[in-house]
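Written out below as structure tokens is the structure these notes cover.
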Amino acid sequence: MNEKFHESFDYEIIDAKKRPERAERLIEFLDRSKIVEFAKDTTENDKLEKVKYDDFKNFLIRINGIIREIPIYQRDFDGKNVKGVEYRGPHHIVTLFPKFEDKEDLLKYLYDSLGEINKKDLKYAIPAVLVAAHPFADGNGRTSRVLHEIFSDFDSKELLKQNLKKALTKNKYGETESCKIDPGLIWEELDWLVLKDHGWIFDRRGFPESVGIMNTPSWDEIVKILNRYQKEGFGYPKELYDDKLNFMFAIRGGDKNFAITAINDIAQERQKRFNEIIPTMKKNKQKIDKVNFTELVDSLSNIEWETLMKKFYKLKKEYVMKLVDIFAKPEKNIDYPGTDSILLKDLFIQRVEEKN
């Protein structure tokens, strides 16, 4: 077992031991600062007008800061270069969160939509968007669980305190006993909402099949390229190296369809400019020559890599905006195949309740 693993493991043990104490402090803080009352103001349209975005932002930052024991002057959105792990069925898959520069835009988009969201749904919408945007380096899950409890109906402050302790601590099996709001429960549906706006062809079951002129790379092909980049990494500028690795992690993990969409855009732009590099699209669209993934990736210039990642992160931003929209504009998001016209926000809430 290496030294870094030891350090990480030791930190998790220490952190777990401190959590009950932090829970008590957070409860005291909530009582003192009237944050619960602030949360209730956001559920009432006549009072929501008085709640500014900076108030909403500080509300999130203060909760996360206390959970993590961060000094007041250091508290902020600090979730830069954070990768996540989503559990999809029996597998865990690496996903990339939105670009750091987009995270505040996404929370502002959520804030601007609060008045359109049914107040009973806020306890699901706000935590889910926080997890999907991941504005903090740590404690996003705990912050989301606290938000769920604060925005829930509770009979007494004593019951709220009990629920907050569950949200911030773990049982003897290392699991939290509070409600976990995981946007990954509807990742296929959210993916579909984004991809249908970007030219994807879907099979009869509604699964994404292909887009444009890109050949979907095999698992072995992706792993070979990723291994090569990791070996050659020291020869690249750091930003370019990070982009290359992030893109390959994306296409190997939960963001595969977004990565393929982005590189297909690059391929089609090239096709318009350099017909001799990429085969010209035939008039009969059923017989379009496909582009080899490895050859295209290996031939990308530094500028094209930069453009590729911008396109990819634009899709990640759209994904989180769609998550907001299923709560703020639910009637516009009911056409996902196989959902029997159930509103996606109701499908999400149903899956959260079943999971917990």
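Each reported figure results from applying straightforward, stated rules to the coordinates on display, with no laboratory input. Predicted, not measured: the structure shown is a model, and the values here were computed from it. Ideal geometry is used to build each Cβ from the backbone, glycine not excepted, and the neighbour counts take in all protein chains shown.
The table for this structure:
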item: Difference of contour (0.36 nm per residue) and Cα-Cα distance, Glu24 to Glu37; result: 2.8 nm
item: Entries of Lys311/Lys345; Lys80/Lys317; Lys180/Lys329; Lys224/Lys256 with Cα pairs more than 18 Å apart; result: Lys311/Lys345; Lys180/Lys329
item: Full-extension gain in nm, Asn81 to Leu245, via 0.36 nm per residue minus C-alpha separation; result: 57.8 nm
item: For segment 59-74, Karplus couplings with θ = phi - 60° (6.51, -1.76, 1.60), whole Hz, Gly/Pro x; result: 4, 5, 5, 5, 4, 5, x, 6, 4, 9, 6, 8, x, 3, 6, 9
item: Peptides ranked, highest mean first, by Cβ atoms within 10 Å: ranges 313-323, 94-104, 68-78; result: 313-323, 94-104, 68-78
item: Sites Asn227 and Glu269, calculated FRET efficiency, Cβ-Cβ separation with R0 35 Å, nearest 0.05; result: 0.80
item: Under 5 Å, built H, 5+ apart or other chain: amide partners of Ser210; result: Ile201
item: Contour excess over end-to-end distance, with Cα ends at Glu331 and Lys238 and 0.36 nm allotted per residue; result: 29.0 nm
item: Asp112 paired with Phe202, simple spin-label distance in nm, labels 7 Å along Cα-to-beta-carbon; result: 2.7 nm
item: Residues Asp346 and Phe100, FRET efficiency given R0 of 51 Å [Cβ-Cβ distance, rounded to 0.05]; result: 0.95
item: Within segment 51-66, backbone nitrogen closer than 18 Å to the virtual label 7 Å beyond the Cα of Gln74 toward Cβ; result: 61-66
item: Where a label projected 7 Å from the Cα of Leu159 along Cα→Cβ would reach, residues of segment 97-123 with amide N under 20 Å; result: 119-123
